[in-house]
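These notes concern the structure reproduced below.
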Amino acid sequence: MFGAARTMGEDCDAVKLEQLYALHKNAMLYTAVRILKDPYLAEDAVQKAFIRVLDNLYKIESVEGPKTRAFLVIITRNVAITMYNEAKKEAIPFEEIERAGENEGAEGSPYAAAVSREALEVIAKNIAKLDKKYSDVLVLKFYHQYSDREIAGILGISHENVRVRLHRAREKLMTLLREEEIFYESGTQK
């Protein structure tokens, strides 16, 4: 009897996982490609994300809806960022930086490209230091480019609460960046 119940539960989980994949794979793949810049690595990231989803399948009440999509996108984002950081540990050939600079025009020198990349990495690292409620709002707003109303629907909070969280998240992020001497208040010098 217990074996049959377990098999039936596993069948329900398999169906739920298939439905999640069918409905949300494109959003997950899009998220991973934007981070990894490689469709094959992005597919690996989505696969790894679904393995994590399988461990947390009980947390998903409905396969449809903005909360489920946000949950899956955030898991995929985290997996892709981890993969990116692991790949980034390898040295980047100078020729690639030089080619990137040539494509960016006069302001796109190799030095400027490296500084810009480094600044983005510092910003991303500091966003990761924020409380999850602030980092998620920033990521959904500026990385995924959701509107405040869409974010409210995804997170299940009011539109006003989204605006407050965004304001507080920006303030906290700027404080962290000032500590790292990345940004300065107007009128101050290094």
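The values are calculated or read from the model by the stated rules, or taken from the named source; none is laboratory data. All values derive from a computational prediction rather than experimental measurement. Don't worry about glycine lacking a Cβ; one is built from the backbone with ideal geometry, like all the others, and counts go over all protein chains shown. Ligands, DNA and RNA are stripped out before the accessible areas are found, and what is left, the full protein with its side chains, is counted by its heavy atoms. Shrake-Rupley method; radii C 1.70, N 1.55, O 1.52, S 1.80 Å.
Here the condition is being loosely packed, with under 14 Cβ neighbours inside 10 Å, more than 22 Å from residue 137 (Cβ to Cβ) and modelled with pLDDT of 80 or more; of 92, 51, it holds for 51 alone. Take the conditions (1) open to solvent by 80 Å² or more (accessible area, probe 1.4 Å); (2) of a type outside the set (D, E, K, R); (3) under 22 Å from residue 34 (Cα atoms); (4) at pLDDT 50 or above; residue 119 misses just one of them, which is (1).
Going residue by residue through the stretch 12-21, is there one that turns out to be surrounded by 11 or more Cβ atoms within 10 Å (Cβ to Cβ), within 24 Å of residue 150 (Cα to Cα) and among the small types (Gly, Ala, Ser)? Checking the stretch 12-21: not a single residue is surrounded by 11 or more Cβ atoms within 10 Å (Cβ to Cβ), within 24 Å of residue 150 (Cα to Cα) and among the small types (Gly, Ala, Ser). State whether the residues of the stretch 115-126 include one that is free of Cβ contacts under 8 Å to residues at least 40 places away in the same chain and outside any helix (DSSP H, G or I). Among the residues of the stretch 115-126, not one is free of Cβ contacts under 8 Å to residues at least 40 places away in the same chain and outside any helix (DSSP H, G or I), which makes the answer no.
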